[in-house]
Every structure is written in C-alpha cells, then in structure tokens.
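As structure tokens, the structure follows; a few thoughts come after it.
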Amino acid sequence: MTTTPAPASSLNAARRARDLDRLSDRPEVDLLVVGGGITGTGVALDAASRGLSVLLAERHDLAFGTSRWSSKLVHGGLRYLAKGQLGIAYESARERHLLLARTAPHLVRALPMLLPLHESVSLPQAALTRTGFLLGDALRVAAGTRRGTLPRTRRVSRERVLDLAPALRAQGLRGGQLAYDGQLVDDARLVIALARTAAAHGAAVVTRCAAEELHGRGAVLRDGLTGERLQVRARAVVNATGVWADRLVPDVRLRPSRGSHLVLPGALFGGLRSALTVPVPGETNRFVLVLPQDGGRVYVGLTDEPLDGPVPDVPGVPEEDVTFLLDVLGSVLTTRVRRSDVLGAYAGLRPLLDGGPGRSADLSRRHAVLTSPDGVVTVVGGKLTTYRRMAEDAVDTALARSGLTAGPCRTTRLPLVGAGSPVALARLHAPAHLVARYGTEAEAVAALAGVDSDGNSGHSGNGGGTEDAGALPEGVTGAELRWAVRMEGALDEQDLLERRTRIGLVPADRERALPAARAALTAP
C-alpha cells in the first residue's frame, strides 16, 4: 500500500506562486521569519504550530547556507562537558533525545564513534577521555535516552578496534574507546522536513525571496524570480539568517568561524564500520572526525578557524584546511591519504557571537536571542542539534515583545513529515535507502518510478523514470528528483543536486547528473 502524502505539506512552484499572490492581496502576517536554514524553518514550525500566521522568506533556497554544511551529527553535548558548560551539554543531550525518539526518528540514527588509542594518546589523556565518555553516558540517561537507542560507552580491545576500522595503523595501538552519538542521514533533509511540516500547519514558505529592508513591523521583500517588490506587514519579525544576520540588523556583532570537511572514497578505509574520533596531535581536547556515509563515501572534518573578510554565500575550503585534515588522518592510518584521493570538500560557517580576543574554537556555542531597538528579534549561535530550543526561545521572545497571543510550544512532541516508529518503517514496501531518507513517505517516492521493495524498477538507470537516470550516482534515483520538484520546493538544478540530494558534494558526480536534474524539472 502506497502512502499518500498530505497535500498541505507540499512545497512546489505552484504553491509558491499562490502564497505570493495571497500576500499581494493581504500583505499581513503575525510573524515574518527571514532565513530558510535549520533555525528559520524551526521558528516557522514552532510559530505555525501555535496557531500564528507565518511567512518564511529565504533569499536563496532551503538549507542554502550553513545548515547543509555540517558534520551531519546530532551531538549529545560531550564537547561542552570538557569546558564545564553543563547547561548547554544537557540541552544538547535532551534535544538529541527528542530527535531520536519523537520528532525525526526516521532521519537520525545511532552512530558508533571509535577513539583509537595509539602511543600518541598518553595514559592520562586516555583516562580523561574515558571520564568524558562516562559523563556522556550520564547525560544520555538524564535526557531519557534508552540504552537500546544509544548504547553505553565501553572500552574495546586492539583486535576489536581493527575489526571496526581495518585501515588503522596497528603499530602502537593498544585498544580504543567506543561511544555512541546521533547521525543525520542528511542535514539538508532535516531542514526540508521542518519546512514542509511548517507548511502543513499553514506557514507560507517562499524561497528566492530576499528581504531588502527589515524592521520590527515588517519588511520589503523582492521576488528573485520576477524582480517584483512586496511590502509585508508583520506583528513580529525574526531574523534567522545565521552568519548574514548583521546584514539586516547591523547592531548584531558576529565572529564567524569556518568548519571544513573532505569527501573521500570509503574504499580507502577498508570497510569502516564505525566513525573515528582522531586526536589532533599536540592538542588535549581537539579531534578530527571520520564519518562514514550512505553511498560509500566518508566525510573527514572539521576545522575551526576564524573567517577573515566578507561572508561569502558559499564558502570555499582553503588548501591549508585540506592539508591539516589529511595530516591528522595520516597520523592514525596505515596508508596515507593523498591529496588526489579527495573527491570533494565543503565548509560551513558558524554564526558565533563575537566574544572578544581568543581563538574562535574557544567561543561559546550557546545560542542568543537579541532584540534590536526597532523590535527585530535575531537568533544566532547555537548548534544544529539545538535548533528546536533556539526556535522556541525566539518565538517566546517575539510573542512577549509583540503582545501576540498564541498557544504553548508544541514542538517537543510534534513529529516531522515522514516520521514513524521503527516498527512502522520496517513494514514499508520500499527500498531501505528511501526509507532512511523519506521515512513513511518512501513508498510514495518509490511509486514515482515503480520501484519495488528490492529497489528494482521497470525503468532504465536507477529507477528514476527519466532517460538520464543512469547518470545518477549509486543510491540516488530519478524518482527522488521528481519528488523534490513536486513536494520539496526544488526550483532548479542546483536545488536538486546540492540540497535535495547531495550529489553536488562531488563535482564530477554533479556534472554527470545535470541532465537527469533537468529532466526531472520538466517531467509531467
């Protein structure tokens, strides 16, 4: 039986046009949200689910900025414990629990994370990390996450380490420590799910719509497709534009930092069955992560360097970041990874509040909700894991300032589009890779190409139903591209290749997939 998606959650070009037409006739909303990343879509869902009329305006595409450039981890707050930040550590663990157990269990899974103990990790340092992992277990218990969802931390033998990560250097290896955290199948998919769930609750989600002027009672928006300007009146305004927040509210003082990642072939790691937490030589509390992904790729990151100069729309990865990551990786592998092995690279910019002199790595990751003299509420800082709490605080502040009446926050128990229990997901008649990305909607996605439960299709290529589907990488179907156009608001090839799927992370894959993306945009 195919799951029929709720029309109310659909985002597409036709709905965008209808929403803009309605705003032209009645340009008034309770809440205007500017920014379509994880925070902005979270704010839109929080407010719409409380009964407010909401407009979300994004100048590019959903998940265009920092939200698609993360490590795809749902952190439990372990790094904050090391700095004595117990409050934010517990908040992270609690929000991780909500994502795993209630709101997005189809998009978040348990990830084993192995810390190999080579001779470069001293016994005192190993004891310190062990203590940190045990405290992480305590956070998990305090947050209500069961051991069956996230297993407890444990020591593992040298043999077990090499079984989990065969490419590790055996010389000088005395064992390892194994912990568990949350991993997103894709960070951009979480943003899309939030936006569609907000739309299902009545929010207007309009991409390619830039805020040219912003104040506490509304904004002047420009339609990026037609060039038309629209003046919107709002009883409350939230600026959720991340590292670009100071463009709209100059009083906000940010100090962005850059986190770079490499995309590598999984074959280099010899059947990696766990993520790796690799200590940075010479540092006591800094690590590089090696993160296996669906589709046979591995991400390696990340750096934490201050951004100098203007904030770009799409940050580049400087060669010194590539060298740093490869050097750290080379300290624990049998065979050194070469520069020519790198398939792609990406960098995200953290919207950190300016905390004065010092390393950007030492700045607090706690979020802040600021109100400008004219009433614009700006939310910055924080982490992807804690987006829901950030959104709740921003909406609470906007309500208090504006005098709007609304119900209490509902997002701690509000499942996102596609969410389902493990039992419900296991009963679906759809390929596993579609269930992992679309949850309960996987059958509807598969139906676009006639894909059966084994992933077979009556169409050519990867089951896309388009003549160019064979140009898509393994694990991505043309049906997914068509679904993205019909249901997820994709308007052009870049939306499809860079954000609805992550084909664009590898430039060579992007070029090969362009014909399939163009075909999906014109498919009936």
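Here are some notes:
- Of all residues in region 416-427 being of a type in the set (A, V, I, L, M, F, W, C) and buried (at least 23 other Cβ atoms within 10 Å of the Cβ), the one that is farthest from Ser49 (Cα to Cα): Val417
- Inside region 87-140, residues that are aromatic (Phe, Trp, Tyr) and within 22 Å of Leu291 (Cα to Cα) make up a count of 1.
- So Gly418, is it closer than 23 Å to Arg96 by Cβ and not aliphatic (A, V, I, L, M): yes
- Residue within region 342-356 that is in a strand (DSSP E or B), surrounded by 15 or more Cβ atoms within 10 Å (Cβ to Cβ) and more than 17 Å from the chain's Cα centre (by Cα) present: yes
- Looking at Leu32, Leu114, Leu107, Leu56, just one residue is surrounded by 22 or more Cβ atoms within 10 Å (Cβ to Cβ), in contact with a Leu (Cβ under 7 Å, 6 or more places away or on another chain), within 29 Å of Leu497 (Cβ to Cβ) and in contact (Cβ under 8 Å) with a residue 24 or more places away in the chain, and that residue is Leu107.
- Any hit, region 223-231, residues being surrounded by fewer than 21 Cβ atoms within 10 Å (Cβ to Cβ), of a type in the set (A, V, I, L, M) and more than 28 Å from Leu31 (Cβ to Cβ): no
- Only one entry of Ala179, Ala193, Ala210 meets the criterion of being surrounded by 19 or more Cβ atoms within 10 Å (Cβ to Cβ), closer than 16 Å to Thr41 by Cα and under 24 Å from the mean Cα position of the chain (by Cα), and that entry is Ala193.
- Checking each residue in region 175-216 for being among the basic types (Lys, Arg) and in contact with a Gly (Cβ under 7 Å, 6 or more places away or on another chain) picks out only Arg208.
- The condition of being without any contact (Cβ under 8 Å) to a residue 40 or more places away in the chain and either farther than 26 Å from Gly37 by Cα or of a type in the set (Lys, Arg) (or both) holds for only one of Gly136, Gly148, that being Gly148.
- Taken over region 72-96, residues that are assigned to a helix (DSSP H, G or I), in contact with a Leu (Cβ under 9 Å, 6 or more places away or on another chain) and not hydrophobic (A, V, I, L, M, F, W, C) amount to 5.
- Hits in region 153-170 (condition: part of a loop (DSSP other than H, G, I, E, B) and either crowded, with 19+ Cβ neighbours inside 10 Å or at pLDDT below 95 (or both)): Thr153, Ala165, Ala167
The values are calculated or read from the model by the stated rules, or taken from the named source; none is laboratory data. Here the structure is a predicted model, which means the values were calculated and not measured. Because the Cβ atoms are built from the backbone with ideal geometry, glycine has one as well, and the counts that use them run over all protein chains shown.
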